[in-house]
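Asker: Have a look at this one before I ask anything.
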Amino acid sequence: MSSATAVRPAEEFDVDRIYRLIIDLATYERAADQVRSTPDQLRAALFGPQPAAYALVAESAGEVVGFALYFRSYSTWEGVHGIYLEDLYVAPEHRGSGLGKALLVALAELAVQRGYARLEWAVLDWNEPAIRFYRGLGAVPMEEWTVFRLAGPALGQVALGSASDGSATGR
């Protein structure tokens, strides 16, 4: 990382640029059509009276070119918090510059300083460059775990207590 690059906590004036990078990330992950959030929602989540998430940004020559968006998790087994990294993204033209690693180092430092037990995230199984990068840092996949998601109509059905008995198939 050069002296013209830096990692710092996001500030409210960064929201529009972070949002643009979120769209770029969703496009890279072949899911741009699934982004429903707005810059105003992101602003409220990061800088509202009770922030739901936090962000670090990576700058190159004064321009935000990457971000890490995260929130606190909690481990009942460890008895302490952790950090869940929701998104990590560096613009393609800045990859290989050390900014992605710098963002992860900053998050790891934050976790250690606060006495947190872990830093976790998910990665798409087809994203081999990211998987190689994470393994190179010493991260290990949690192969015995499967991520589940309850969303859309199924979420509404469960909330109403009218979920299926579990024998149905679907996404």
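Asker: Note the full-extension length gain between Glu109 and Asp40 as 0.36 nm times their separation in residues minus their Cα-Cα distance, in nm to one decimal.
Answerer: Working: separation 69, 0.36 × 69 = 24.84 nm, distance 2.93 nm.
Additional length available on full extension: 21.9 nm.
Asker: Each label point is 7 Å from the Cα along the Cα-to-Cβ direction; what then is the distance between the points at Ile23 and Phe71, in nm?
Answerer: Computed distance between label sites Ile23 and Phe71 equals 2.4 nm.
Asker: State to the nearest 20 debye the size of the charge dipole of the chain about its Cα centre, where the only charges are +1 on K and R beta carbons and -1 on D and E beta carbons. Write down the numbers at each step before the final one.
Answerer: Working: 15 positive and 21 negative charges, 29 e Å.
So the magnitude is around 140 debye.
Asker: Expected output is a single nm value to one decimal: the length gained when fully extending between Glu12 and Val140, i.e. 0.36 nm times separation in residues minus the C-alpha distance. What is it?
Answerer: Details: separation 128, 0.36 × 128 = 46.08 nm, distance 3.34 nm.
Length gained, Glu12 through Val140: 42.7 nm.
Asker: Which helices, taking whole DSSP H runs in the chain, have alpha carbons extending 20 angstrom or more along the helix axis plus mean Kyte-Doolittle at least 0.5? Spell out each step's value before the answer.
Answerer: Numbers: long enough: 99-114 (22 Å, 1.17).
Correct list, ordered by number: 99-114.
Asker: Given points 7 Å out from each Cα along the Cα-Cβ axis, report the Val147 to Arg95 separation in nanometres with one decimal.
Answerer: Taking the simple label geometry, Val147 and Arg95 are separated by 1.8 nm.
Asker: Once you have a ≥ b ≥ c as the square roots of the Cα gyration tensor eigenvalues for the chain, tell me rounded if a/c is under 1.5, and otherwise prolate or oblate according to whether a/b is larger than b/c. Display every interim value, and only then the final one.
Answerer: On the way: a/c = 1.59, a/b = 1.44, b/c = 1.11.
Prolate, since a/c reaches 1.5 and a/b exceeds b/c.
Each value in this text was obtained by applying a stated rule to the coordinates, not by laboratory testing. None of the values given here were measured: they were computed from a predicted structure. In this analysis, Cβ positions are derived from the backbone assuming ideal geometry, glycine residues included, and neighbour counts consider all displayed protein chains.
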